[in-house]
Amino acid sequence: MDPIALAAIVLIATIALGIVLSVPIAVSIGLGSFFAAIVLLDFEKAALVSSQRLFTGINSFTLLAIPFFVLAGVLMNTGGIAGRLIDAAKVLVGKAPASLANTNVVANAMFGAVSGAAVAAAAAIGTVMTPRMKEDGYDPKWSAAVNVASAPAGMLIPPSNTFIVYSLVSGASVSALFMAGVIPGLIWALACIVVVMLTYRRFSTPQASQHVTFKEGLLVIWRAVPSLLMIIIVVGGIVAGFFTATESSAIAVVYCLVLGFIYRTIKWSDLPKALLDAARTTAIIMLLVGVSTALSFVMSFSHIPNAVSEFMLGISDSPQIILFMMLVVLLMVGTFMDPTPAILIFTPIFLPIVTTFDMDPVHFGTVIVYALSIGVITPPVGNVLFVGARVAGMGIEPVVAKLLWFLLALTVGLLLVTYISPLSMWLPDALGLLSD
């Protein structure tokens, strides 16, 4: 057999076998890449190339932003910010029907935007909102579904670690990607609100809402302003060119620490645990980035992206149909693989294809992140789904049953973001970021 074809088979089979046997995805990718490299090279050269690629993959100034943003998210999750954002969201939603459910959606979008982590949003907001919604007469299973469905909005609204990872692989501007994710992130939240408004009567018997005066509302929003101000400082500074994404992530950590000490919700004794939690998450992400760099080398050497491109173009030369096939693949992959490894694996395969019909890498970045974000709330492996169900004190089965309409609405949002490029491109283009 041709060594290149054999290497491709060994690579795909090893990763697939690892997934079936529940081997950590980073280990599966690393072993698959190494075994395939042995087929293409000899053992000594394969070991040398694999180790070099693993090191060079994480030797990036841009990637330094990830541990800092992760640490900022951990500090926010323990710093009392969630409660202030929920109170502000409740005031903004007002007396609209299903106000508490919509508060959950808005609070998740705000907290996710501040922390950049869907799991942190589902845990922090869900912990506070679950008892409130139960007390207000909402079905606990439906309440959990609302929390789970809305949590990933922060993966699109900047700052977002997933966009930083995509930027590393694609070479697209981080600032342009951040701005491109704003409208799709709002579309995500709006899709959840639409489903809430259409279904809340079946799952709630809301109690009379507490009246809040205009003065009280202003005070609640004012208390949340310092938390929301971080988005303006971090993202605004990047867009204005005052500092890079990496520098802004360090500023975010300092800002969260100062805010936590001012709120008196963070003590010096809390910092070791916060640093340890951030280190664990960062280690997982960095290992994935490193082994995926070795994977990219093997795929490039064995011409796998070219083979996939020829296969898809052989089925159809219509950009719309090819994009639809990609969406199907990404939605399927997202059900059993986290967004970070999926981005690292599929961006080198799909990006050369979409660029053949002049799709901007920034636009494709929003598409791939949106599609894979749906995966984090989809069984069987959606981590946000598991966290949201655990916070609500139930298994995933009753939550999934109430989640179906949300998944449908979010898929419609994905199609809009995919086929209407101005939804992603208008804001970075208006800010002059696409020329970066």
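The values are calculated or read from the model by the stated rules, or taken from the named source; none is laboratory data. What you are looking at is a predicted structure, and each value in this text was computed from that prediction instead of being measured. So basically every Cβ, Gly included, is an ideal-geometry build from the backbone, and we count neighbours across all protein chains shown. Ligands, DNA and RNA are excluded from the accessible area calculation, which covers all protein heavy atoms including side chains. Shrake-Rupley method; radii C 1.70, N 1.55, O 1.52, S 1.80 Å.
Scan the stretch 188-228 residue by residue and report those that are over 28 Å from the mean Cα position of the chain (by Cα), open to solvent by less than 40 Å² (accessible area, probe 1.4 Å) and modelled with pLDDT of 75 or more.
Correct list: PHE203 only.
Condition (residue is open to solvent by 10 Å² or more (accessible area, probe 1.4 Å), among the acidic types (Asp, Glu) and closer than 21 Å to VAL146 by Cα) applied to the stretch 394-408: is it met by at least one residue?
Yes.
Could you list, in sequence order, the residues of the stretch 239-262 that are in contact with a Leu (Cβ under 7 Å, 6 or more places away or on another chain) and over 18 Å from VAL165 (Cβ atoms)?
If the condition is that a residue be in contact with a Leu (Cβ under 7 Å, 6 or more places away or on another chain) and over 18 Å from VAL165 (Cβ atoms), then VAL239, VAL253, CYS256, LEU257, GLY260 are the ones that fit.
Based on what the data block shows, is LEU11 within 28 Å of the chain's Cα centre (by Cα), among the hydrophobic types (A, V, I, L, M, F, W, C), surrounded by 13 or more Cβ atoms within 10 Å (Cβ to Cβ) and under 25 Å from VAL165 (Cα atoms)?
Answer is yes for this residue.
Would you tally the residues in the stretch 371-383 being at pLDDT below 85, in a helix (DSSP H, G or I) and closer than 13 Å to ALA149 by Cβ?
0
So if I check each of LYS141, LYS90, which one is at pLDDT below 80 and either of a type in the set (Lys, Arg) or within 22 Å of the chain's Cα centre (by Cα) (or both)?
Answer to the check: LYS90.
For the stretch 39-55, check the following and say yes or no: at least one residue is β-branched (Val, Ile, Thr) and modelled with pLDDT of 80 or more.
Looking for residues that are β-branched (Val, Ile, Thr) and modelled with pLDDT of 80 or more, one finds at least one in the stretch 39-55, hence yes.
So, of the residues in the stretch 14-45 that are open to solvent by 70 Å² or more (accessible area, probe 1.4 Å) and not in a helix (DSSP H, G or I), which turns out to be nearest to SER300 (Cα to Cα)?
Only one residue fits best here, namely ASP42.
Would you check which residues across the stretch 327-355 are crowded, with 19+ Cβ neighbours inside 10 Å, without any contact (Cβ under 8 Å) to a residue 60 or more places away in the chain and more than 13 Å from PRO305 (Cβ to Cβ) and list them?
The answer is LEU330, GLY334, ALA342.
Can you tell me which of ALA149, ALA144, ALA120 is within 23 Å of ILE233 (Cα to Cα) and not acidic (Asp, Glu)?
None of the others qualify; the one that does is ALA120.
Being among the polar types (S, T, N, Q), open to solvent by less than 10 Å² (accessible area, probe 1.4 Å) and either without any contact (Cβ under 8 Å) to a residue 40 or more places away in the chain or in a helix (DSSP H, G or I) (or both) is the filter here; which residues of the stretch 146-187 pass it?
ASN147, SER150
List every residue pair whose Cβ atoms sit under 7 Å apart, with the two residues 6 or more apart in sequence or on different chains, where the first one lies in the stretch 40-52 and is within 18 Å of ASP2 (Cα to Cα) and the second, anywhere, is hydroxyl-bearing (Ser, Thr, Tyr) and outside any helix (DSSP H, G or I).
LEU40/SER302
Quick check: anything in the stretch 356-367 within 26 Å of PRO67 (Cα to Cα), among the aliphatic types (A, V, I, L, M) and assigned to a helix (DSSP H, G or I)?
Checking the stretch 356-367: at least one residue is within 26 Å of PRO67 (Cα to Cα), among the aliphatic types (A, V, I, L, M) and assigned to a helix (DSSP H, G or I).
Look through the stretch 289-328, keep the residues that are farther than 24 Å from PRO339 by Cβ and of a type in the set (Gly, Ala, Ser), and return whichever of them is modelled with the lowest pLDDT.
Only one residue tops the list, namely SER302.
Whether any residue in the stretch 368-377 is open to solvent by 10 Å² or more (accessible area, probe 1.4 Å) and aromatic (Phe, Trp, Tyr) is what I want to check.
The answer is no, given that none of the residues of the stretch 368-377 is open to solvent by 10 Å² or more (accessible area, probe 1.4 Å) and aromatic (Phe, Trp, Tyr).
For the stretch 229-279, enumerate the residues that are part of a helix (DSSP H, G or I), within 22 Å of ASP429 (Cβ to Cβ) and open to solvent by 50 Å² or more (accessible area, probe 1.4 Å).
ILE232, ALA240
Looking only at the stretch 33-56, which residues are within 18 Å of ILE285 (Cα to Cα) and of a type in the set (Gly, Ala, Ser)?
Hits for the stretch 33-56 are SER33, SER50, SER51.
Name every residue in the stretch 3-15 that is aliphatic (A, V, I, L, M) and under 18 Å from THR293 (Cα atoms), in order of residue number.
ALA7, ALA8, VAL10, LEU11, ILE12, ILE15, listed by residue number.
Determine whether the stretch 93-101 contains at least one residue that is in a loop (DSSP other than H, G, I, E, B), modelled with pLDDT under 80, open to solvent by less than 10 Å² (accessible area, probe 1.4 Å) and out of contact with any Leu (no Cβ under 9 Å at 6 or more places or on another chain).
yes
If I ask for residues that are surrounded by 16 or more Cβ atoms within 10 Å (Cβ to Cβ) and under 18 Å from the mean Cα position of the chain (by Cα), which ones from the stretch 46-63 would you list?
Hit for the stretch 46-63 is LEU63, nothing else.
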